[in-house]
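Written out below as structure tokens is the structure these notes cover.
The values are calculated or read from the model by the stated rules, or taken from the named source; none is laboratory data. The structure displayed is predicted, hence computed values, not measured ones. We place every Cβ from the backbone using ideal geometry, glycine too, and count neighbours over all the protein chains shown. What goes into the accessible areas is simple: the full protein's heavy atoms, side chains included, and nothing from ligands, DNA or RNA. Shrake-Rupley method; radii C 1.70, N 1.55, O 1.52, S 1.80 Å.
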Amino acid sequence: MSSIKIECVLPKNCRCGESPVWEETFNSLLFVDIPAKTVFRWNSLTKQVQQVTLDAPVSSVALRQSGGYVATVGTKFCALNWEDQSTVVLATVDKDKKNNRFNDGKVDPAGRYFAVNRRSVYKLEKEEQIPDGMCIDAEGKLWVACYNGGRVIRLDPETGKRLQTVKLPVDKTTSCCFGGKDYSEMYVTCARDGMDPEALLRQPEAGGIFKITGLGVKGICPYPYAG
């Protein structure tokens, strides 16, 4: 296995970066900043960043089989047209709960877009703090970003056993995905909201996008929404 390398490829200062998704067609990484109500698209070749700002907190984004994207915006499932920056509401939930919103969302192998307000995963060790976003590698193992734990961990989903730990130079790691050539790179989002000035001085890259190489495993391409 190659030596692991961690670098901040995009010092974006996201308040709460989340939902990284690799778009192979454009060699780009999609991700959101939830409280900033913004979806970003970072081109890994040109290093250019594009963005679309919406009218409510956007907690996840996904590819759409028919073209464009889908996103969870507030308590709505929306189709997102990147070219004209327009959205079309596909469905709305919890209309009677004004302060509610989706927390995260992903597309399953059948092309269904799932979103949740709360979730639970494997019980983790105390120092790993709060389990957050996750992804699956080509060997069927689970990678979980640990919020306030400053790490991503690899778990065996059948036994719950921890197989690997990768520490990052920021505490508020939020989610992860595989991407790049052959899906051999891992991208990790993080947050900076709630950090005091002293903590931000210690972690100047908080809120940025990190790339991890040399993990020795590859990921799988993301599933597109079939609707």
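Our estimate of slack between Asp55 and Ser3, defined as 0.36 nm per intervening residue step minus the Cα-Cα distance, is 14.4 nm.
Across the range 134-227, the volume of the C-alpha convex hull divided among the residues equals 119 Å³ per residue. Stretching Gln48 away from Asn27 to a fully extended chain increases their span by 6.4 nm, per 0.36 nm per residue minus the current alpha-carbon distance.
Overall, the accessible surface of the chain at a probe of 1.4 angstrom is composed of carbon and sulfur to the extent of 48 percent. Where q = 0.13, 0.22 Å⁻¹, what log10 of I(q)/I(0) comes from the Debye formula for the range 1-75, counting one point per Cα? For the range 1-75, the Cα-only Debye profile gives -0.41, -1.01. From the largest down, the chain spans 44, 39, 39 angstrom on the principal axes of its Cα atoms.
Relative to the Cα centre, the charge distribution of the range 1-47, modelled as +1 at Lys and Arg Cβ and -1 at Asp and Glu Cβ, gives a dipole magnitude of about 180 debye.
In the context of the full set of protein chains, the chain has a per residue accessible area of 50 Å² (1.4 Å probe). Using C-alpha pairs under 8 Å with a sequence gap of at least 6, the mean separation divided by the residue count of the chain gives a relative contact order of 24 percent.
Ranking Thr165, Thr72, Thr159 by solvent-accessible area of protein heavy atoms (1.4 Å probe, all protein chains present), from largest to smallest, gives Thr159, Thr165, Thr72.
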